[in-house]
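Undergrad: Here it is: the structure, laid out below.
The values are calculated or read from the model by the stated rules, or taken from the named source; none is laboratory data. Quick caveat, the model's predicted, so the values are computed rather than measured. Neighbour counts run over all protein chains shown; Cβ positions are idealised from the backbone, glycine included. Surface areas here come from the heavy atoms of the whole protein model, side chains and all, with no ligands, DNA or RNA. Shrake-Rupley method; radii C 1.70, N 1.55, O 1.52, S 1.80 Å.
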Amino acid sequence: MASEAGGRASREEVARAMSPHGGGEPDMAAEAGGGASREEVARAMSHGGGEPDMAAESSGRVDGEKEDEGWRSYESVFTNQKAGMDDVDRDWVKKVVYENSKNSPHFRNEQRKAEQATRRIQEMLRRKEALLSQNQLAGYDQSAAKLVAELEATRDLSHWWFHVDMDAFYASCHELMDPTLAGVPMAVGGVGMISTANYQARKYGVRSAMPGFIALKLCPDLKFCPSDFALYKTKASEVRAILAQYDPNFLAAGLDESYLDVTSCLEARGESPDALARCIRDHVRRETGLTCSIGVACNRMLAKICSDLNKPNGEFVLQRSREAVLAFTSSLPVRKVPGIGKVTERILSGLGLNLARDLVSRSSAGLVVALFSEKASGALLRAGLGLGRSGAPDEDAGAGRKGISVERTFRPLRGKGLEAKLAEICAKLEDAMMDKGLRARHITVKMKGTDFVVRTKSKTLPFYTNSAEAMLQHATKLTSFDSDLRLIGVRMAGFEGDAVEQGQATLDSLFLDREPEEPAVSSVGGGGYFCETCKKHVAETKAEHEDWHLARSLQREVWSAGGLGASRKQAALPSKKAKCVGGMDLFVTKRPRKME
DNA sequence: GCGGATCAC
DNA sequence: TATGGTGATCCGC
Ligand SMILES: Nc1ccn([C@H]2C[C@H](O)[C@@H](COP(=O)(O)OP(=O)(O)OP(=O)(O)O)O2)c(=O)n1
Ligand SMILES: [Mg+2]
Ligand SMILES: [Mg+2]
């Protein structure tokens, strides 16, 4: 996606049932031939030839021919629940995706990863059995009970949080520019990859991160819009300007979603959360022409889950009581919890934990604590209790970006051709880093082979840099040029002035090497000088060169004052302090923990 | 400090 | 024919 820095999110939805508030207007969804018919199945799946390839049901198989049932077990990311997918024939989608993927290197790599996850799950189950057979779970049950009690004591029901998430954001932006698009199934991206799709296209199973050529099999009439980030950024700031009126300290998490603490706003207006959510949605739609959905709850995690329940153009209010929250997690599939993805869902499922509330049940909380790392189990228990961040975002944490990277996919290359790609990438990275006034010393090269296997190679430099030359020199040493790659990328992290380095700053400055000086290239006359930001010798005079830096910055965005030399530039507050912090928690990675 | 894996948009 | 780009975190070693 775009520059906006970290944020979490996930869509997915819980049983749409319980919702007290439905989407507003009748809206889209109405006409536009819903879904695809059975007969289209064969067409979508037949490669080239005109074989009948009859639908699965047809029992009259010809002689020894065996039906390929592989699709049943192919759980691609495209078949899980997602806003706009209720009426989709999931088995049909699964089958079409499978049939159009199965012989590709990409597919084989997915299979490899899935098998790896399976091994991990089995290892976990093995450890569970070991614990059971040795009757060691009792101790964990006890410590889990204590942990749960401690967590429960932190429950904070005093805030009202809104999570505002734009509907089919990129696609809606294009529909705004060309209203004729609004009536037809449309996706943003191209035959290679789709960023998102409007809700008409979603009826066919078309969705984010799906290759366009597969989407075309699902929906032959699908129209594509090439992406236009400038457009999305413009619309995003329009939306944020509105949201800031309801909470000047709102948190932006990516271009299309924000968290608002409206506790005091509600107080001041003497309004109900329902009414305010409605008001904000109307306001956004009136001024931008875009629809959004809002989730309302006492903390950010729950609000985020709720914003998906009545998408598109809807809202969901989770009442602010312990009972309501626990009832909610009791029917909440773990997959809906932000941070629990495909793999973690499989792991939990293997343990018989399917609903969030299961994670804290008397019978399994101990298991969670026993099998997962301290961080992971803490996060899982919190999810089960419906606890999340509800206070002001940490001033300190997530204060800024921690890395910056550029990567590109291309027709498989090696040798000289690959060297050229690497050079291009380093040039782009230099651009981006100079724009932001960043220099860093951890360099990582990312390589993806034609088999889609990803490898990274990294090292720490003895100096900070953002010069394309320096980065290229070291990236080259980290890269394998002797086999075909389909992607290469470079990431820089460990920024000058970052926390890790704060206390050490003076010491570092004494011990860190200087980047090897440039051979003082001729340059014209006498005018050149050594620019600290570029970390290289430039031909212009100092004044000229600094002007150039200035112009360069202004061209792209407005920066706050004080940007002398290499100091880190600050975005000139879009609305207030829209810090793009990932408000969630530290979920992710739940690996087997060392016993004891 | 490094490399792999997972997750989110 | 054909499966993206950016950023973050966590864990084991
Ligand atoms: N794998 C992804 C997921 C999303 N996006 C982009 C396109 C989306 O428009 C935008 C916002 O992501 P959402 O998950 O909020 O999805 P949408 O806004 O498109 O749809 P929804 O109505 O489900 O929120 O981010 C992307 O480029 N790649
Ligand atoms: Mg959205
Ligand atoms: Mg979103």
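Undergrad: To the nearest Å, what is the center-to-center distance of segment A:357-430 and segment A:139-168, using C-alpha atoms only?
TA: 20
Undergrad: Using a 1.4 angstrom probe, figure out how much accessible area segment A:308-414 has per residue, in square angstrom, rounded to the nearest whole.
TA: 40
Undergrad: Next up: Sort A:Trp160, A:Trp71 by accessible area with a 1.4 Å probe, largest first.
TA: If we order A:Trp160, A:Trp71 from most to least accessible, we get A:Trp160, A:Trp71.
Undergrad: Can you give me the distance in nm between label points at A:Lys428 and A:Phe213, each placed 7 Å from the Cα along the Cα-to-Cβ direction?
TA: 2.2
Undergrad: Here is a follow-up. What order do A:Asp435, A:Asp484, A:Asp87 take when sorted by accessible area (1.4 Å probe), most exposed first?
TA: Per-residue accessible area, sorted high to low, gives A:Asp87, A:Asp484, A:Asp435.
Undergrad: Could you compute the FRET efficiency for A:Arg127 and A:Lys342, with r as their C-beta to C-beta distance and R0 at 22 Å, rounded to 0.05?
TA: That gives a FRET efficiency of 0.55.
Undergrad: How much accessible area does A:Phe316 have with a 1.4 Å probe, in Å² rounded to the nearest 10?
TA: Rounded to the nearest 10, that gives 10 Å².
Undergrad: Right, another one. Given 0.36 nm per residue, what is the gain on full extension from A:Asp91 to A:Leu157 after removing their alpha carbon distance, in nm?
TA: Here the segment from A:Asp91 to A:Leu157 would lengthen by 19.7 nm.
Undergrad: From the backbone phi of segment A:88-93, what are the Karplus-calculated ³J(HN,Hα) couplings (6.51 cos²θ - 1.76 cosθ + 1.60, θ = phi - 60°) in whole Hz, Gly and Pro given as x?
TA: Once rounded to whole Hz, the list reads 7, 7, 5, 5, 5, 4.
Undergrad: Set the bar at 25 Å for Cα to Cα. Now go through A:Lys311/A:Lys402; A:Lys146/A:Lys402; A:Lys82/A:Lys304; A:Lys304/A:Lys436; A:Lys94/A:Lys311; A:Lys342/A:Lys448 and name every pair that lies beyond it.
TA: Table pairs above 25 Å Cα-Cα are A:Lys311/A:Lys402; A:Lys146/A:Lys402; A:Lys304/A:Lys436.
Undergrad: Sort A:Ser264, A:Ser172, A:Ser143 by heavy-atom solvent-accessible area, probe 1.4 angstrom, most to least.
TA: Reading off the accessible areas and sorting them downward yields A:Ser264, A:Ser143, A:Ser172.
Undergrad: Sticking with this one: For segment A:189-226 and segment A:307-351, what is the centre-to-centre distance using only Cα atoms, to the nearest Å?
TA: 27
Undergrad: Loop only by DSSP, 11 or fewer other Cβ within 10 Å of the Cβ. Give me the trypsin sites (Lys or Arg not before Pro) in segment A:66-135 that pass, ordered by residue number.
TA: Loop-located and lightly packed - A:Lys66.
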